[in-house]
Amino acid sequence: MAVEIKDMTLDKVAIGPVSARIYQGEDYAKGPPVMLYFHGGAFLQSGPRDCQLAKCIAETGAIVVVPDYNGPLGGVFPQPLEVGFSIFSYLAKKRAGLGDRKSQLLIGGEESGGNVAAGVALKARDNFAEALDGQVLFSPLLDPFMGTASFQMADAVGMRQRWSEGWNHYLSGGVCHPYAAPRLCSRLSGMAPALIISSKDDPLVDEAQAYADGLERSGVMVRRHVLDPGTGWPSVYGGAVTQAPAYGDSVCRYFSEFIRDIRVQ
């Protein structure tokens, strides 16, 4: 499905206007899923960005909203989370002209954006539980200790220093709240269903799987997928790869199956 991309300003968000890039399929059906999607960038990037995964999800018929969540208040926790939650609350109440009353509302993100998405989903559970239909996390950056076995691959894709700098920046306010490091959160019951995707050659695969384990132990519906190595998956967050990206069809299929599953649920 061809995808239209347009920039707009979400001007009625509680924290003030937020610029966003919208991805939507040209032939989306009635009641399309609406996803608030947080881009990656190791907590260090702001401004409208092209997101290949957002485009991929839009190809399934969803409407994907990618906000400049670091722009309005800065990139140090809790500011990005507060911006993200304000946008989520606005979409939950008004939809900003995106989708309709039958549209499912989801939160998603990649890498550091996956962290913010998970944090917003936690806050939504605590404040707006019925409004969030699902969360979609692509290689979420969740563990500030960076101590998993798979994280040893970070050097191979050239991301160790960047992630270290990113965590130091994000947590420079001196607070390590569960919303800032969801992998460390001990209270995950009542969370929205989750789709979590990573790959075997992804340094973040262990923390993604550990978070999926925690959600499942808490009774949350989880659909998890670990792609085979060689798909170029680390390029999602700027990691160095030798292969051309070949994960798009799998991501689209897994997302469509997830939407079907949460509709049934």
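Table for the structure above
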read-out	value
Loop-resident sites, the range 8-66, for chymotrypsin sites (Phe, Trp or Tyr not before Pro), counting at most 16 other Cβ within 10 Å (DSSP)	none
Charge dipole of the range 3-264 about the Cα centre (unit charges at C-beta), most positive-ward option of Leu215, Tyr170, Leu142	Leu215
For the chain, convex hull volume per residue from C-alpha positions, Å³	111 Å³
Calculated P(r) of the range 1-149 - Cα pairs past 24 Å, %	24 percent
Separation of the Ser235 and Asp126 label points, Cα + 7 Å toward Cβ, nm	3.9 nm
FRET E, pair Gln161, Ala244, Förster distance 30 Å, beta-carbon r, rounded to 0.05	0.75
In the range 3-264, lysine pairs with alpha-carbon atoms under 26 angstrom apart (chain gap of 8 or more, or interchain)	24
Mean Cβ neighbour count within 10 Å, used as a protection proxy, ranking 155-162, 79-86 highest first	79-86, 155-162
Ranked packing of 64-77, 181-194, most packed first, by mean Cβ within 10 Å	64-77, 181-194
Percent antiparallel among DSSP beta bridges (both partners in the chain, rounded to 5)	35 percent
Potential extension, Ala92-Cys176 segment - 0.36 nm per residue separation minus Cα distance	27.5 nm
Dipole in debye (nearest 20) - the chain, about Cα centre, beta carbon charges: Lys, Arg +1; Asp, Glu -1	720 debye
Packing rank of 218-230, 119-131, 136-148, 98-110, where each peptide gets the mean count of other beta carbons within 10 Å, highest leading	136-148, 98-110, 119-131, 218-230
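Computed from the coordinates by the stated procedures, all read-outs in this text should not be read as laboratory data. Fair warning: this is a prediction, and the values are worked out from it, not measured in the lab. Neighbour counts run over all protein chains shown; Cβ positions are idealised from the backbone, glycine included.
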